[in-house]
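Note sheet for the following structure.
The values are calculated or read from the model by the stated rules, or taken from the named source; none is laboratory data. All values derive from a computational prediction rather than experimental measurement. Glycine gets a Cβ as well: all are built from the backbone with ideal geometry, and neighbour counts include every protein chain shown.
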Amino acid sequence: MYELEAPADLLLMNGQSKVAIKQRSDEPPPEALLIRAVLEGDRDQYGRLYSLYAPLVHGILLARVPRSEAEDLAQDIFLHALRKLDTLRDLNAFGPWIGMIARNRAMDFHRKSHETVEVTEDLKSGDATETKAAEILEIIRSLPDAYRETLILRLVEGMTGPEIATRTGLTPASVRVNLHRGMKLLRGKLGFEEGL
Amino acid sequence: MKKPMRNVSDDYLWDQSGEPDPEIQELEQLLGTLRCQPRPLEIPAALQPSRPRFVLRDFKPRLAIAAAIALVVLGAGLWLGLARRERRDTPELVKTAAKPSASDDSRQAAVIVPEDVSHENPNAGNEVLKEPVSVLVERVNRTRRNRPNPTTVAANANRQREIELKTPELAGNELKEAQAGKAHLMLALRVASAKLNLAIKKAQGSTSGNLIHNQHKVG
């Protein structure tokens, strides 16, 4: 089993990342323009918004609900968000807003349904790689909330730390800490000496 | 079996920069099979995003500030108005040591004469009054205009010994005129009072001859 040692300065952002994020924050966010266009009646722009944020919503759902349900739920969430788009106060905060809708919807899902059915369905379908992936996903889901969501966004959806921070509204430092600690826990649970 | 501790840079985990971590790469490959492959979003034709509408909560801070300013302005206006009215109504008071003053006389001169008295046969049976009572009343009122309001003085009765009403200074002839007017008025009031008493006695006398009621003989 690995014991990962990371000095404290690793948890903080290095200078390059800070500059990159600052530059990014100076640029006008395309999401705000898209949302404005949608509010003015251009429904096609919502498709672009969907493709930008679908990985975020999917990742949040994957951390909470069975994989087979995640896609349908994501579609529902985006339709719901379109209906309620006028209630979004800060056009730059679409990511955190839809992320919160996704979390709430996942909670509603658990209130209404039985978990065990979907888990077995996930495990039995697909080939060995997919089965292995599903097993690891289950291990990640057993981690604390803050870590599992960030890890899934990073490892499953392929988002980088700064992207996760921008989309979820978390600070980059928090995301970095969550990634580091989550990864440490995951390594411990996986026991990398057995190989993947 | 535990692998030895090692220093691994988090850069690859953070933003995929730096030296790739083989374990993370392996996890990425495996879990990448579960990645979101979004199918096109099917938006029902009936579904339209609702237009942004006026939401009160968006304007709450501004409304609160506006309300506070309005309240302050209103309060200041009321306060100023009240202060101005008070200044207009109250006489100018000067704190002095307790001592007898002419204010008692002036207060007596300010007795209000009922209208009935002035209207009711002003000159009848009175040679001393060479002028009608209404003229005298008018004269006294003229002198009163520059004097403090007697009702305010009465309300402040506890402090009468400490304060003195600052009476306006009158010219010599005005003072004489006022005193003469006062004397005439007092006389007229006495006459009117006597007449009233007489009338009451006559009215009572018509019903009973004996004015002494409910009294026992003494001795």
key: Residue among A:LEU33, A:LEU88 that is within 12 Å of chain B (Cβ to nearest Cβ) and not β-branched (Val, Ile, Thr)   = A:LEU88
query = Somewhere in the stretch A:133-142, is a residue in contact with a helix residue (DSSP H, G or I) (Cβ under 9 Å, 6 or more places away or on another chain), farther than 19 Å from B:ARG35 by Cα, part of a helix (DSSP H, G or I) and more than 7 Å from every other protein chain (Cβ to nearest Cβ)?
reply = no
inquiry  = Please determine whether any residue of the stretch A:49-58 is under 21 Å from B:THR33 (Cβ atoms) and either touching a Lys or Arg at 6+ places or on another chain (Cβ under 7 Å) or away from chain B (no Cβ under 11 Å) (or both).
reply    = yes
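May I ask you to list the residues in the stretch A:153-174 that are facing chain B (nearest Cβ under 8 Å) and under 12 Å from the mean Cα position of the chain (by Cα)? Let's see the steps before the verdict.
Taking the stretch A:153-174 and keeping what is facing chain B (nearest Cβ under 8 Å), we get A:154-158, A:160-162.
A:ARG154, A:LEU155, A:VAL156, A:GLU157, A:GLY158, A:THR160, A:GLY161 - these are the residues of the stretch A:153-174 that are facing chain B (nearest Cβ under 8 Å) and under 12 Å from the mean Cα position of the chain (by Cα).
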query = For the stretch A:40-62, which residues satisfy the criterion of being over 18 Å from A:TRP97 (Cβ atoms) and either part of a loop (DSSP other than H, G, I, E, B) or among the hydrophobic types (A, V, I, L, M, F, W, C) (or both)?
reply = A:GLU40, A:GLY41, A:ASP42, A:ARG43, A:LEU62
inquiry  = Only one of A:ALA74, A:ALA37 is assigned to a helix (DSSP H, G or I), over 30 Å from A:ILE139 (Cβ atoms) and out of contact with any strand residue (DSSP E or B) (no Cβ under 9 Å at 6 or more places or on another chain). Can you tell me which?
reply    = A:ALA37
task = Please name all residue pairs, on different chains or six or more residues apart, with Cβ atoms under 7 Å, provided the first residue is in the stretch A:73-101 and is on the phi < 0 side of the Ramachandran plot and the second residue is in a helix (DSSP H, G or I) and among the small types (Gly, Ala, Ser).
result = A:ALA74/A:ALA54; A:ILE77/A:ALA102; A:LEU91/A:ALA32; A:ASN92/A:ALA32; A:ILE98/A:ALA81; A:ILE101/A:ALA81
ask   = Looking at the stretch A:102-130, which of its residues are at pLDDT 75 or above and loosely packed, with under 14 Cβ neighbours inside 10 Å?
value = A:ASN104, A:MET107, A:ASP108, A:HIS110, A:ARG111, A:LYS112, A:ASP127, A:ALA128, A:THR129
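Among what's in the stretch A:170-192 and is part of a helix (DSSP H, G or I) and among the aliphatic types (A, V, I, L, M), pick the residue that is farthest from A:LEU56 (Cα to Cα).
Of the residues in the stretch A:170-192, the ones part of a helix (DSSP H, G or I) are A:172-190, A:192.
After this cut, where a residue has to be among the aliphatic types (A, V, I, L, M) as well, the list is A:173, A:175, A:177, A:179, A:183, A:185-186, A:190.
Details: A:ALA173: 19, A:VAL175: 14, A:VAL177: 19, A:LEU179: 16, A:MET183: 19, A:LEU185: 22, A:LEU186: 21, A:LEU190: 25 Å.
Taking the candidates together, the pick is A:LEU190.
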key: Selection count where residues are more than 9 Å from every other protein chain (Cβ to nearest Cβ) and under 21 Å from A:SER51 (Cβ atoms), scope the stretch A:143-152   = 1
